[in-house]
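The values are calculated or read from the model by the stated rules, or taken from the named source; none is laboratory data. Please read these numbers as outputs of a predicted model, since none were measured by experiment. Here the Cβ is made from the backbone with ideal geometry for all residues, glycine too, and neighbour counts use every protein chain on show. Protein only, heavy atoms only, side chains kept; ligands, DNA and RNA dropped before computing areas. Shrake-Rupley method; radii C 1.70, N 1.55, O 1.52, S 1.80 Å.
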Amino acid sequence: YRRAALQGYKPAQINLGVLHMNGRGARRDYVEAYTWFVLAGAEANREALGQKLTPQQIALAERHAGEFQAKPER
């Protein structure tokens, strides 16, 4: 999923966020999960996860998402 997510593929970004949120197939990291949900535009996932994060963690995830640039495969 990571490879496709880094290329900007939204379904992979959601799936990668879910993996990080659940800690299955990837280390549990709510900030990383929230970042992927922001990038994918997955509002429902973001709202549900946002309840587990502090405002500072949400700001960090949104900053990471703002710095993201998709890397098309060559």
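Points to keep in mind about this one:
- Among 37, 54, 18 - extreme Cα towards positive end, dipole of the chain, charges at beta-carbon: 18
- Surface composition of the chain: carbon and sulfur atoms hold 50% of the protein heavy-atom accessible area at a 1.4 Å probe.
- Maximal additional length on extending the residue 51-residue 68 stretch stands at 3.8 nm, based on 0.36 nm per residue less the C-alpha distance.
- Accessible area expressed per residue, the chain, with surrounding protein chains retained (probe 1.4 Å, Å²): 65 Å²
- The equivalent ellipsoid of the chain has semi-axes of 19, 14, 10 Å, largest first, where each one is the square root of 5 times an eigenvalue of the Cα gyration tensor.
- With respect to the chain, whose longest principal axis is taken over its alpha-carbon atoms, helix 30-40 is tilted by about 50°.
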